[in-house]
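Structure first, then comments.
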Amino acid sequence: MNLVPLTRRVRRAAKRFREARMLVRALRYQYQPVAAHLIPIRRCNLSCAYCNEYDDHSSPVPTADVLRRIDRLAALGTGIVTLSGGEPLLHPDLDEIIRRIRGHGMIATLITNGYLLSRDRIRRLNLAGLDHLQISIDNVMPDDVSKKSLKVLDQKLRWLAEDGRFDVTVNSVVGGGIRNPDDAAVIARRARELGFSTTVGLIHDGSGRLRQLDDQQKTILEEVVAVGKSAFDFANYNRFQKNLANGQPNDWHCGAGCRYLYICEDGLVHWCSQQRGHPGIPLEHYGPEDLRREYHQVKSCAPLCTVGCVHRVAQVDELRTDPQATLSEWFATPVPGGRPRPPMAVRVMMWAFVTNPRRDLFRSVTMRAFGGSTSLDGSLPAPGSQLPARVFSRCYGGHGALKRWR
Ligand code: SF4
Ligand code: SF4
(Lines give C-alpha, C1' and ligand atoms only; values in the text may rest on other atoms or scores of the structure.)
(Ligands and ions follow the chains in the order given, each with its own letter.)
Protein backbone atom coordinates (compact mmCIF):
# COMPACT_ATOMS: atom_id res chain seq x y z
CA MET A 1 0.00 0.00 0.00
CA ASN A 2 1.34 3.43 -0.96
CA LEU A 3 1.40 5.53 2.21
CA VAL A 4 2.67 8.71 0.58
CA PRO A 5 -0.75 10.34 -0.05
CA LEU A 6 -1.86 9.59 3.52
CA THR A 7 1.40 10.85 4.99
CA ARG A 8 1.17 13.95 2.84
CA ARG A 9 -2.37 14.64 4.05
CA VAL A 10 -1.39 14.24 7.69
CA ARG A 11 1.59 16.52 7.24
CA ARG A 12 -0.51 19.10 5.44
CA ALA A 13 -3.08 19.06 8.22
CA ALA A 14 -0.29 19.55 10.72
CA LYS A 15 1.12 22.39 8.68
CA ARG A 16 -2.28 24.09 8.47
CA PHE A 17 -2.44 23.91 12.25
CA ARG A 18 0.98 25.50 12.57
CA GLU A 19 0.03 28.15 10.00
CA ALA A 20 -3.03 29.00 12.03
CA ARG A 21 -0.92 29.17 15.18
CA MET A 22 1.57 31.42 13.43
CA LEU A 23 -1.24 33.67 12.21
CA VAL A 24 -2.58 34.01 15.72
CA ARG A 25 0.84 35.04 16.93
CA ALA A 26 1.24 37.48 14.02
CA LEU A 27 -2.04 39.08 15.01
CA ARG A 28 -1.04 39.09 18.64
CA TYR A 29 2.39 40.74 18.27
CA GLN A 30 2.58 43.80 16.07
CA TYR A 31 6.36 44.13 16.16
CA GLN A 32 7.28 40.52 15.59
CA PRO A 33 8.61 39.18 12.24
CA VAL A 34 6.02 37.12 10.42
CA ALA A 35 8.44 35.88 7.77
CA ALA A 36 12.16 35.99 7.02
CA HIS A 37 14.25 35.10 4.01
CA LEU A 38 17.60 33.62 4.94
CA ILE A 39 20.46 33.20 2.46
CA PRO A 40 22.61 30.14 3.24
CA ILE A 41 24.60 30.55 0.01
CA ARG A 42 24.84 33.27 -2.63
CA ARG A 43 26.24 31.02 -5.34
CA CYS A 44 23.94 29.67 -8.04
CA ASN A 45 24.40 26.87 -10.54
CA LEU A 46 22.50 28.92 -13.15
CA SER A 47 22.90 32.48 -14.43
CA CYS A 48 19.49 33.89 -15.41
CA ALA A 49 19.91 37.12 -17.33
CA TYR A 50 17.46 39.12 -15.20
CA CYS A 51 18.77 38.05 -11.79
CA ASN A 52 20.70 40.29 -9.39
CA GLU A 53 20.74 37.87 -6.47
CA TYR A 54 23.49 35.39 -7.22
CA ASP A 55 27.16 34.95 -7.95
CA ASP A 56 29.13 32.06 -9.40
CA HIS A 57 31.85 31.66 -6.80
CA SER A 58 30.94 32.28 -3.14
CA SER A 59 31.24 29.52 -0.56
CA PRO A 60 28.33 28.31 1.54
CA VAL A 61 27.76 30.31 4.71
CA PRO A 62 29.33 28.26 7.55
CA THR A 63 26.63 26.03 8.99
CA ALA A 64 27.25 27.20 12.55
CA ASP A 65 26.56 30.79 11.41
CA VAL A 66 23.35 29.80 9.65
CA LEU A 67 22.15 27.89 12.70
CA ARG A 68 22.92 30.84 14.96
CA ARG A 69 20.92 33.12 12.68
CA ILE A 70 17.99 30.72 12.81
CA ASP A 71 18.16 30.70 16.61
CA ARG A 72 18.12 34.50 16.58
CA LEU A 73 15.13 34.60 14.23
CA ALA A 74 13.32 32.23 16.56
CA ALA A 75 14.14 34.43 19.54
CA LEU A 76 12.62 37.40 17.68
CA GLY A 77 9.44 35.33 17.25
CA THR A 78 9.64 34.73 13.49
CA GLY A 79 6.90 32.49 12.09
CA ILE A 80 8.21 31.42 8.67
CA VAL A 81 11.82 31.04 7.52
CA THR A 82 12.38 30.76 3.78
CA LEU A 83 15.74 29.54 2.53
CA SER A 84 16.70 31.25 -0.67
CA GLY A 85 19.86 32.21 -2.50
CA GLY A 86 21.61 31.78 -4.94
CA GLU A 87 20.59 28.16 -4.99
CA PRO A 88 20.07 26.84 -1.44
CA LEU A 89 20.35 23.20 -2.52
CA LEU A 90 24.07 23.88 -3.04
CA HIS A 91 24.53 24.19 0.72
CA PRO A 92 26.00 20.90 2.00
CA ASP A 93 24.14 21.03 5.33
CA LEU A 94 20.77 22.16 4.10
CA ASP A 95 18.93 19.31 5.85
CA GLU A 96 20.42 20.24 9.20
CA ILE A 97 19.44 23.84 8.59
CA ILE A 98 15.83 22.85 7.84
CA ARG A 99 15.75 20.68 10.96
CA ARG A 100 16.87 23.62 13.06
CA ILE A 101 14.05 25.80 11.71
CA ARG A 102 11.52 23.08 12.45
CA GLY A 103 13.04 22.42 15.83
CA HIS A 104 12.04 25.95 16.82
CA GLY A 105 8.45 25.33 15.69
CA MET A 106 8.83 27.70 12.73
CA ILE A 107 7.58 26.91 9.22
CA ALA A 108 10.45 25.91 6.91
CA THR A 109 10.21 26.78 3.23
CA LEU A 110 12.67 26.60 0.35
CA ILE A 111 12.92 28.45 -2.96
CA THR A 112 14.89 26.54 -5.58
CA ASN A 113 15.54 26.44 -9.30
CA GLY A 114 14.99 22.68 -9.04
CA TYR A 115 17.99 21.59 -11.07
CA LEU A 116 19.58 19.66 -8.20
CA LEU A 117 16.43 17.81 -7.16
CA SER A 118 16.59 14.04 -7.37
CA ARG A 119 14.41 11.36 -5.81
CA ASP A 120 16.94 10.92 -3.04
CA ARG A 121 17.18 14.69 -2.44
CA ILE A 122 13.40 14.92 -2.17
CA ARG A 123 13.32 12.07 0.37
CA ARG A 124 15.98 13.82 2.42
CA LEU A 125 13.96 17.02 2.38
CA ASN A 126 10.99 14.97 3.62
CA LEU A 127 13.04 13.60 6.47
CA ALA A 128 14.39 17.03 7.39
CA GLY A 129 10.77 18.22 7.80
CA LEU A 130 10.52 20.74 4.99
CA ASP A 131 7.06 22.31 4.94
CA HIS A 132 6.96 23.98 1.57
CA LEU A 133 9.01 24.18 -1.61
CA GLN A 134 8.69 26.77 -4.35
CA ILE A 135 10.17 26.01 -7.73
CA SER A 136 10.39 28.71 -10.36
CA ILE A 137 9.94 27.91 -14.04
CA ASP A 138 10.38 30.75 -16.50
CA ASN A 139 9.73 29.24 -19.91
CA VAL A 140 8.73 26.08 -21.76
CA MET A 141 12.02 25.76 -23.63
CA PRO A 142 15.36 27.02 -22.26
CA ASP A 143 16.75 30.15 -23.90
CA ASP A 144 19.53 32.65 -23.36
CA VAL A 145 17.54 34.50 -20.66
CA SER A 146 16.68 31.52 -18.47
CA LYS A 147 17.38 27.79 -18.33
CA LYS A 148 14.56 27.24 -15.83
CA SER A 149 12.35 25.60 -18.39
CA LEU A 150 9.49 23.12 -18.19
CA LYS A 151 11.33 20.89 -20.65
CA VAL A 152 14.24 20.47 -18.24
CA LEU A 153 12.25 20.49 -14.99
CA ASP A 154 9.19 18.40 -15.83
CA GLN A 155 10.85 15.20 -14.59
CA LYS A 156 11.64 16.92 -11.28
CA LEU A 157 8.02 17.98 -10.97
CA ARG A 158 6.91 14.38 -11.44
CA TRP A 159 9.28 13.22 -8.70
CA LEU A 160 7.99 15.94 -6.42
CA ALA A 161 4.41 14.86 -7.09
CA GLU A 162 5.23 11.22 -6.38
CA ASP A 163 7.60 11.51 -3.43
CA GLY A 164 7.36 14.96 -1.87
CA ARG A 165 5.52 15.11 1.45
CA PHE A 166 5.67 18.89 1.57
CA ASP A 167 3.55 21.48 -0.23
CA VAL A 168 4.86 22.52 -3.63
CA THR A 169 4.20 25.78 -5.45
CA VAL A 170 5.27 26.34 -9.04
CA ASN A 171 5.96 29.96 -9.84
CA SER A 172 5.80 31.13 -13.44
CA VAL A 173 6.47 34.63 -14.66
CA VAL A 174 4.99 37.31 -16.88
CA GLY A 175 6.86 40.38 -18.02
CA GLY A 176 9.90 41.74 -19.80
CA GLY A 177 12.61 39.32 -20.87
CA ILE A 178 10.25 36.36 -21.14
CA ARG A 179 9.97 35.62 -24.83
CA ASN A 180 6.60 33.86 -24.96
CA PRO A 181 4.04 35.20 -22.48
CA ASP A 182 1.94 32.06 -23.19
CA ASP A 183 4.57 29.96 -21.47
CA ALA A 184 3.31 31.07 -18.06
CA ALA A 185 -0.12 29.56 -18.80
CA VAL A 186 1.38 26.28 -20.06
CA ILE A 187 3.55 25.98 -16.94
CA ALA A 188 0.66 26.76 -14.59
CA ARG A 189 -1.60 24.18 -16.26
CA ARG A 190 1.07 21.49 -15.96
CA ALA A 191 1.63 22.35 -12.31
CA ARG A 192 -2.07 22.11 -11.49
CA GLU A 193 -2.27 18.82 -13.38
CA LEU A 194 0.32 17.47 -10.95
CA GLY A 195 -1.61 18.81 -7.94
CA PHE A 196 0.62 21.76 -7.11
CA SER A 197 -0.29 25.33 -6.18
CA THR A 198 0.70 28.02 -8.65
CA THR A 199 1.77 31.61 -8.38
CA VAL A 200 2.74 34.05 -11.05
CA GLY A 201 5.43 36.68 -10.84
CA LEU A 202 5.83 40.07 -12.44
CA ILE A 203 9.21 41.23 -13.59
CA HIS A 204 10.39 44.19 -11.63
CA ASP A 205 13.39 46.46 -11.88
CA GLY A 206 16.46 46.54 -9.66
CA SER A 207 14.65 48.51 -6.94
CA GLY A 208 11.73 46.08 -6.73
CA ARG A 209 9.32 48.21 -8.75
CA LEU A 210 7.12 47.28 -11.63
CA ARG A 211 7.72 47.22 -15.31
CA GLN A 212 4.25 47.73 -16.72
CA LEU A 213 2.67 44.86 -18.64
CA ASP A 214 1.34 45.13 -22.16
CA ASP A 215 -2.18 43.94 -23.04
CA GLN A 216 -1.17 40.44 -24.03
CA GLN A 217 0.82 40.00 -20.82
CA LYS A 218 -2.14 41.23 -18.77
CA THR A 219 -4.43 38.69 -20.42
CA ILE A 220 -1.99 35.88 -19.68
CA LEU A 221 -1.65 37.06 -16.09
CA GLU A 222 -5.43 36.91 -15.64
CA GLU A 223 -5.48 33.41 -17.05
CA VAL A 224 -2.67 32.11 -14.89
CA VAL A 225 -3.43 33.68 -11.56
CA ALA A 226 -5.01 31.46 -8.94
CA VAL A 227 -5.80 31.66 -5.29
CA GLY A 228 -3.26 29.57 -3.44
CA LYS A 229 -3.86 27.27 -0.53
CA SER A 230 -1.69 29.05 1.98
CA ALA A 231 -3.10 31.60 4.37
CA PHE A 232 -0.74 34.12 2.82
CA ASP A 233 -1.64 33.52 -0.81
CA PHE A 234 -5.17 34.73 -0.52
CA ALA A 235 -6.07 38.05 -2.10
CA ASN A 236 -2.66 38.68 -3.62
CA TYR A 237 -4.05 39.07 -7.04
CA ASN A 238 -7.13 40.87 -5.90
CA ARG A 239 -5.26 43.88 -4.67
CA PHE A 240 -1.61 44.22 -5.34
CA GLN A 241 -1.14 42.26 -8.51
CA LYS A 242 -4.17 43.58 -10.33
CA ASN A 243 -3.22 47.19 -9.67
CA LEU A 244 0.38 46.62 -10.67
CA ALA A 245 -0.53 44.86 -13.89
CA ASN A 246 -2.52 47.94 -14.82
CA GLY A 247 0.32 50.25 -13.92
CA GLN A 248 -1.51 51.54 -10.83
CA PRO A 249 0.30 52.10 -7.53
CA ASN A 250 -0.81 50.30 -4.37
CA ASP A 251 -1.78 52.15 -1.22
CA TRP A 252 -0.27 50.07 1.56
CA HIS A 253 2.25 50.12 4.37
CA CYS A 254 5.43 48.10 3.88
CA GLY A 255 6.46 46.56 7.18
CA ALA A 256 9.82 45.29 5.89
CA GLY A 257 12.54 45.39 8.51
CA CYS A 258 9.98 44.25 11.09
CA ARG A 259 7.21 42.02 9.79
CA TYR A 260 9.49 40.74 7.04
CA LEU A 261 13.29 40.40 7.25
CA TYR A 262 15.81 39.62 4.53
CA ILE A 263 19.00 38.15 6.01
CA CYS A 264 21.87 38.17 3.54
CA GLU A 265 24.85 35.81 3.48
CA ASP A 266 26.77 38.21 5.75
CA GLY A 267 24.07 38.00 8.40
CA LEU A 268 22.81 41.56 7.89
CA VAL A 269 19.14 42.48 8.07
CA HIS A 270 17.74 44.25 5.00
CA TRP A 271 14.23 45.39 4.11
CA CYS A 272 14.07 42.98 1.18
CA SER A 273 16.19 41.55 -1.64
CA GLN A 274 15.66 44.68 -3.71
CA GLN A 275 16.46 47.17 -0.94
CA ARG A 276 19.64 45.75 0.49
CA GLY A 277 21.57 48.13 2.72
CA HIS A 278 18.45 49.33 4.58
CA PRO A 279 18.98 49.10 7.48
CA GLY A 280 21.96 46.73 7.06
CA ILE A 281 22.27 45.86 10.78
CA PRO A 282 23.72 42.51 11.91
CA LEU A 283 20.93 40.12 12.88
CA GLU A 284 22.69 39.25 16.13
CA HIS A 285 22.27 42.89 17.24
CA TYR A 286 18.80 43.34 15.82
CA GLY A 287 16.22 43.79 18.53
CA PRO A 288 12.83 45.18 19.54
CA GLU A 289 13.84 48.80 18.97
CA ASP A 290 14.97 48.05 15.42
CA LEU A 291 11.77 46.14 14.72
CA ARG A 292 9.60 48.93 16.03
CA ARG A 293 11.53 51.65 14.12
CA GLU A 294 11.52 49.80 10.80
CA TYR A 295 7.85 48.92 11.10
CA HIS A 296 6.96 52.60 11.10
CA GLN A 297 9.54 53.59 8.48
CA VAL A 298 7.79 54.83 5.33
CA LYS A 299 9.33 53.24 2.21
CA SER A 300 9.23 55.41 -0.89
CA CYS A 301 9.48 52.29 -3.07
CA ALA A 302 6.14 50.92 -1.72
CA PRO A 303 3.57 52.16 -4.27
CA LEU A 304 5.02 50.20 -7.20
CA CYS A 305 6.70 47.42 -5.22
CA THR A 306 6.26 43.89 -6.57
CA VAL A 307 7.80 41.92 -3.70
CA GLY A 308 4.87 39.60 -3.08
CA CYS A 309 5.98 38.04 0.19
CA VAL A 310 5.93 41.46 1.84
CA HIS A 311 2.48 42.16 0.38
CA ARG A 312 1.28 38.93 1.97
CA VAL A 313 2.61 39.93 5.34
CA ALA A 314 0.98 43.34 5.00
CA GLN A 315 -2.38 41.58 4.71
CA VAL A 316 -1.89 40.20 8.20
CA ASP A 317 -1.43 43.71 9.51
CA GLU A 318 -4.51 44.93 7.68
CA LEU A 319 -6.46 42.06 9.19
CA ARG A 320 -5.04 42.90 12.57
CA THR A 321 -5.89 46.59 12.37
CA ASP A 322 -9.33 46.42 10.83
CA PRO A 323 -10.62 42.86 10.39
CA GLN A 324 -14.12 43.80 9.23
CA ALA A 325 -13.00 46.17 6.50
CA THR A 326 -10.20 43.88 5.36
CA LEU A 327 -12.40 40.83 5.10
CA SER A 328 -15.10 42.79 3.30
CA GLU A 329 -12.56 43.90 0.75
CA TRP A 330 -11.21 40.38 0.27
CA PHE A 331 -14.66 38.97 -0.31
CA ALA A 332 -15.85 41.81 -2.47
CA THR A 333 -13.09 41.45 -5.06
CA PRO A 334 -13.80 38.86 -7.73
CA VAL A 335 -11.28 36.11 -8.38
CA PRO A 336 -10.97 34.79 -11.96
CA GLY A 337 -12.89 31.54 -12.32
CA GLY A 338 -15.04 31.69 -9.21
CA ARG A 339 -16.09 33.21 -5.95
CA PRO A 340 -13.33 34.36 -3.64
CA ARG A 341 -12.65 31.75 -1.01
CA PRO A 342 -9.86 32.26 1.48
CA PRO A 343 -7.82 29.30 2.76
CA MET A 344 -9.13 27.22 5.64
CA ALA A 345 -6.85 28.82 8.23
CA VAL A 346 -8.20 32.27 7.40
CA ARG A 347 -11.82 31.10 7.36
CA VAL A 348 -11.49 29.46 10.77
CA MET A 349 -9.87 32.61 12.15
CA MET A 350 -12.61 34.79 10.70
CA TRP A 351 -15.31 32.67 12.25
CA ALA A 352 -13.60 32.42 15.62
CA PHE A 353 -12.43 35.99 16.04
CA VAL A 354 -14.66 38.19 13.93
CA THR A 355 -18.11 36.80 13.22
CA ASN A 356 -18.72 34.45 16.13
CA PRO A 357 -20.91 35.94 18.91
CA ARG A 358 -18.56 34.36 21.46
CA ARG A 359 -15.46 35.78 19.81
CA ASP A 360 -14.16 37.34 23.04
CA LEU A 361 -14.00 33.92 24.62
CA PHE A 362 -12.29 32.49 21.54
CA ARG A 363 -9.76 35.29 21.50
CA SER A 364 -8.94 34.79 25.14
CA VAL A 365 -8.57 31.01 24.91
CA THR A 366 -6.59 31.12 21.68
CA MET A 367 -4.21 33.82 22.81
CA ARG A 368 -3.51 31.80 25.94
CA ALA A 369 -2.94 28.64 23.95
CA PHE A 370 -0.84 30.12 21.16
CA GLY A 371 0.38 33.48 22.34
CA GLY A 372 0.92 33.01 26.04
CA SER A 373 -1.12 36.07 27.01
CA THR A 374 -4.55 37.54 26.56
CA SER A 375 -3.21 41.03 26.06
CA LEU A 376 -3.45 42.57 22.64
CA ASP A 377 -1.07 45.42 23.21
CA GLY A 378 1.13 44.56 20.25
CA SER A 379 4.30 44.19 22.28
CA LEU A 380 7.06 41.66 21.75
CA PRO A 381 6.99 38.41 23.70
CA ALA A 382 9.51 38.12 26.47
CA PRO A 383 12.95 36.94 25.29
CA GLY A 384 13.01 33.18 25.03
CA SER A 385 9.24 32.84 25.01
CA GLN A 386 9.13 31.67 21.40
CA LEU A 387 6.61 28.89 21.17
CA PRO A 388 8.15 25.53 21.78
CA ALA A 389 7.70 22.90 19.10
CA ARG A 390 4.33 21.59 20.20
CA VAL A 391 2.07 18.71 19.38
CA PHE A 392 2.41 18.53 15.64
CA SER A 393 5.98 19.56 15.11
CA ARG A 394 7.07 16.17 16.34
CA CYS A 395 5.03 14.37 13.69
CA TYR A 396 7.75 14.50 11.08
CA GLY A 397 11.05 14.21 11.40
CA GLY A 398 18.20 33.96 -4.73
CA HIS A 399 17.42 31.96 -5.64
CA GLY A 400 15.50 35.17 -4.99
CA ALA A 401 15.05 36.01 -8.60
CA LEU A 402 14.61 39.60 -9.64
CA LYS A 403 11.08 38.95 -10.67
CA ARG A 404 9.83 36.63 -8.02
CA TRP A 405 6.29 37.05 -6.74
CA ARG A 406 6.82 35.76 -3.26
S1 SF4 B 1 8.20 48.47 -0.55
FE2 SF4 B 1 9.19 47.18 0.97
S3 SF4 B 1 9.29 45.16 0.03
FE4 SF4 B 1 8.87 46.61 -1.60
S5 SF4 B 1 10.86 47.11 -2.48
FE6 SF4 B 1 10.40 48.65 -0.89
S7 SF4 B 1 11.30 47.86 0.99
FE8 SF4 B 1 11.21 46.15 -0.47
S1 SF4 C 1 16.94 33.52 -10.75
FE2 SF4 C 1 17.43 31.84 -9.36
S3 SF4 C 1 18.26 30.25 -10.72
FE4 SF4 C 1 18.38 32.17 -11.85
S5 SF4 C 1 20.44 32.96 -11.40
FE6 SF4 C 1 19.03 33.90 -9.94
S7 SF4 C 1 19.18 32.59 -8.14
FE8 SF4 C 1 19.99 31.41 -9.87
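The values are calculated or read from the model by the stated rules, or taken from the named source; none is laboratory data. Computed from a predicted model, the values in this text were never measured in an experiment. As a convention, Cβ positions derive from the backbone with ideal geometry for all residues, glycine included, and neighbour counts pool all protein chains shown.
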Practice task
Just one of (1) surrounded by fewer than 19 Cβ atoms within 10 Å (Cβ to Cβ); (2) under 22 Å from Ala256 (Cα atoms) trips up Asp56, so point out which.
Solution key: (2)
Completion exercise
Within region 235-255, of all residues that are crowded, with 20+ Cβ neighbours inside 10 Å, away from ligand 1 (no atom under 11 Å from the Cβ) and part of a loop (DSSP other than H, G, I, E, B), the one farthest from the chain's Cα centre (by Cα) is Ala235
Problem - Test for Gly287: is it over 22 Å from Arg43 (Cβ atoms), at pLDDT 95 or above and either surrounded by 14 or more Cβ atoms within 10 Å (Cβ to Cβ) or within 14 Å of ligand 1 (Cβ to nearest atom) (or both) - result: yes
Handout entry: Tally, over region 9-32, of residues that are among the charged types (D, E, K, R) and not in a helix (DSSP H, G or I)
Key = 0
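Going residue by residue through region 155-177, is there one that turns out to be modelled with pLDDT under 85, of a type in the set (Val, Ile, Thr) and part of a helix (DSSP H, G or I)?
no
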Completion exercise
Residue hits (region 256-269; buried (at least 21 other Cβ atoms within 10 Å of the Cβ) and over 12 Å from Cys301 (Cα atoms)) are Gly257, Cys258, Arg259, Tyr260, Leu261, Tyr262, Ile263, Glu265, Val269
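Checking the condition among the polar types (S, T, N, Q) and within 16 Å of ligand 2 (Cβ to nearest atom), which residue from Ser300, Ser273 passes?
Ser273
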Problem - Search result, residues across region 254-270 that are within 16 Å of ligand 2 (Cβ to nearest atom) and out of contact with any strand residue (DSSP E or B) (no Cβ under 7 Å at 6 or more places or on another chain) - result: Glu265
Problem - Matching residues, region 87-124, being in contact with an Asp or Glu (Cβ under 8 Å, 6 or more places away or on another chain) and either part of a loop (DSSP other than H, G, I, E, B) or closer than 21 Å to Val152 by Cα (or both) - result: His104, Thr112, Asn113, Tyr115, Leu116, Arg119, Ile122, Arg123
Completion exercise
Filtering region 125-141 down to residues that are under 30 Å from Gly175 (Cβ atoms), touching a Gly at 6+ places or on another chain (Cβ under 8 Å) and either hydrophobic (A, V, I, L, M, F, W, C) or part of a loop (DSSP other than H, G, I, E, B) (or both) yields Leu125, Leu133, Ile135, Ile137
Practice task
State whether the residues of region 62-79 include one that is within 12 Å of ligand 2 (Cβ to nearest atom) and either within 28 Å of Leu157 (Cα to Cα) or of a type in the set (Ser, Thr, Tyr) (or both).
Solution key: no
Practice task
Kindly list, by first and then second residue, each pair from a residue in region 245-258 that is closer than 19 Å to Gly201 by Cα to a residue that is near ligand 1 (Cβ under 8 Å from one of its atoms) and among the hydroxyl-bearing types (Ser, Thr, Tyr), limited to pairs with Cβ atoms under 9 Å and residues at least 6 apart or on different chains.
Solution key: Cys254/Tyr260
Problem - Failed item, numbered, when Asp144 is tested on (1) part of a helix (DSSP H, G or I); (2) over 19 Å from His37 (Cβ atoms) - result: (1)
